Amino acid sequence: MSTLDTMLLPLERIAIAIGERWKKARRFRAAISGQWERTLRSPMEWLSVYALILGGLGVVLLDEPLALLFKETVSGDFEGFLKIVTELGIAGLWLIPTGLLSLVFLLARRVAISPAARERYTRLAWAPGFVFLSMAVAGLLGDLLKFLIGRTRPQMLFEQGIATYTPFTHGWAFNSFPSGHSQAIFSAMIALALVFPRYNRVYIALAILVASSRVLTTVHYFSDVVAGAWLGIIVTLALAKLLALRGIDVRYRPPGEAGW
């Protein structure tokens, strides 16, 4: 048996055991399936419930212990990887290209000759424009909440033993809640999932990875990230609903597909 087989064998046994237990847990599977269907029917309501529960658990039980744990245990190459990943949550990384691309399509619409071409460029502009709008609105709301709540960052806990709230306070050390990177990446990825739904699982996985990096690198508390993710998702879904009521479909459709 090779070294790799020796390392993977226990994991294989664990996976088999979990699979067997999952097959036997019919009631649990049925409950999970039913709750998933309810969540899909009313995503904004149920996601708000999940965020309230997880965020509440974070504030009451998990935030400080997790921050102290990760401060001691996350280091080396893994920490370096996380610090690279977390850069994907910088809002400008998504706002600048989507804003410019939307502007290009809008300018093309102005010089288009035929009504069909103008309609096409309008629809094309909404694809990047929706990502930009979702991020901008969620970002402004996030900045307002940061100012109103004034939560200290984990760094204050490590250096001074302080974990508190100072409302109406400016400054990096007092704007931990909600996480701006988490809000930005979830706004961008949920918007992309609505515009290009074919790759929605990839978008969600990337959003979770970036948001998790904010906790693992102890830049934010767990509840900060939950709140940021919730804000990004809710604002994006709400904007999509409002636009749909006005007859605007943000989903991208290639030329020739129905709707063009």
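The values are calculated or read from the model by the stated rules, or taken from the named source; none is laboratory data. Every value quoted in this text rests on a predicted model; they were computed, and no experiment measured them. When we count neighbours, we look across all protein chains shown, and the Cβ atoms used for this are built from the backbone with ideal geometry, even at glycine.
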Taking residue 79 as the residue in question, decide whether it is touching a Leu at 6+ places or on another chain (Cβ under 7 Å), surrounded by fewer than 18 Cβ atoms within 10 Å (Cβ to Cβ) and in contact (Cβ under 8 Å) with a residue 12 or more places away in the chain. no
Given the condition without any contact (Cβ under 8 Å) to a residue 12 or more places away in the chain and more than 20 Å from the chain's Cα centre (by Cα), answer yes or no: does some residue in segment 49-63 qualify? yes
Looking only at helices (runs of 4 or more DSSP H) that fall completely inside segment 59-172, which ones have 1 or more residues that are under 22 Å from residue 187 (Cα atoms)? 76-85, 91-111, 115-149
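Out of segment 165-178, which residues are at negative phi and either touching a residue at least 60 places away in the same chain (Cβ under 8 Å) or surrounded by fewer than 21 Cβ atoms within 10 Å (Cβ to Cβ) (or both)?
If the condition is that a residue be at negative phi and either touching a residue at least 60 places away in the same chain (Cβ under 8 Å) or surrounded by fewer than 21 Cβ atoms within 10 Å (Cβ to Cβ) (or both), then 165, 166, 167, 169, 170, 172, 173 are the ones that fit.
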Can you confirm whether segment 240-253 contains a residue that is part of a helix (DSSP H, G or I), in the same structural domain as residue 130 (by TED's automatic domain parsing), in contact with a helix residue (DSSP H, G or I) (Cβ under 9 Å, 6 or more places away or on another chain) and closer than 19 Å to residue 178 by Cα? no
Can you confirm whether segment 117-138 contains a residue that is out of contact with any strand residue (DSSP E or B) (no Cβ under 9 Å at 6 or more places or on another chain), over 25 Å from residue 242 (Cβ atoms) and in the same structural domain as residue 213 (by TED's automatic domain parsing)? yes
Only one of 213, 179 is in contact with a Leu (Cβ under 8 Å, 6 or more places away or on another chain) and among the small types (Gly, Ala, Ser), namely 213
Filtering segment 177-211 down to residues that are at pLDDT below 95 and not in a helix (DSSP H, G or I) yields 196
Quick check on segment 143-164. Is at least one of its residues touching a residue at least 60 places away in the same chain (Cβ under 8 Å) and more than 21 Å from residue 217 (Cβ to Cβ)? yes
Scan of segment 186-234 for residues that are among the small types (Gly, Ala, Ser) and within 8 Å of the chain's Cα centre (by Cα), ordered by number: 187, 188, 207, 211, 228, 229, 232
So, residue 98, is that one of a type in the set (Ser, Thr, Tyr), at pLDDT 80 or above and more than 24 Å from residue 136 (Cα to Cα) or not? no
